[in-house]
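See structure below.
What follows is calculated from the coordinates using simple rules that are stated; it is not laboratory data. This structure is a prediction, so every number in the text was calculated from the model and none was measured. Please note: Cβ atoms are built from the backbone with ideal geometry, for glycine as well, and neighbour counts cover all protein chains shown.
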Amino acid sequence: MSRSPITRFTARHKSVVAGAAVLLGTAGAVLGTTSTASAAPASPQQIAKKMMPAGEYTCFSKIVEHESHWDHTATNASSGAYGLVQALPGSKMASAGADWKTNPETQIEWGLDYMKDRYGSACGAWDFWQNNHWY
């Protein structure tokens, strides 16, 4: 049984396309390309940089470094303060999101609002922290 020239061309074309797809997929793996969906999650520092003006980030970062060393699960054993910004009680951060225990972005949002409300800005909070070693 003989196939027509069109059938043979179509079968060959499908084979070439499938081979090219496999080759491209393999090349992507060899080159180390990844899709954005599989990229590593952003660090709390990267998240914070995106959430505030550059001039505020340094002040915010200094407070967070002193308070929690950028550990969003940090818990003060004596007071129970929790998270990046050591909210006391930690459950206060629920006003920024139900995921306050596990989401650094929620903690950063709450912390920035707290600093703005109480000290005018993250830099105002840092000025206070330097004089009192708490904020």
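Observations, loosely collected:
- Backbone amide hydrogens, once placed in the peptide plane, bring residue 87 within less than 5 Å of 82, excluding anything fewer than 5 places away on its chain.
- Fewest-first sequence of 106, 73 by Cβ atoms within 10 Å of each Cβ: 73, 106
- Within a straight-line Cα-Cα reach of under 24 Å, residue 92 can be paired with the following lysines, leaving aside sequence neighbours fewer than 8 residues apart in one chain: 49, 50, 62, 101, 116.
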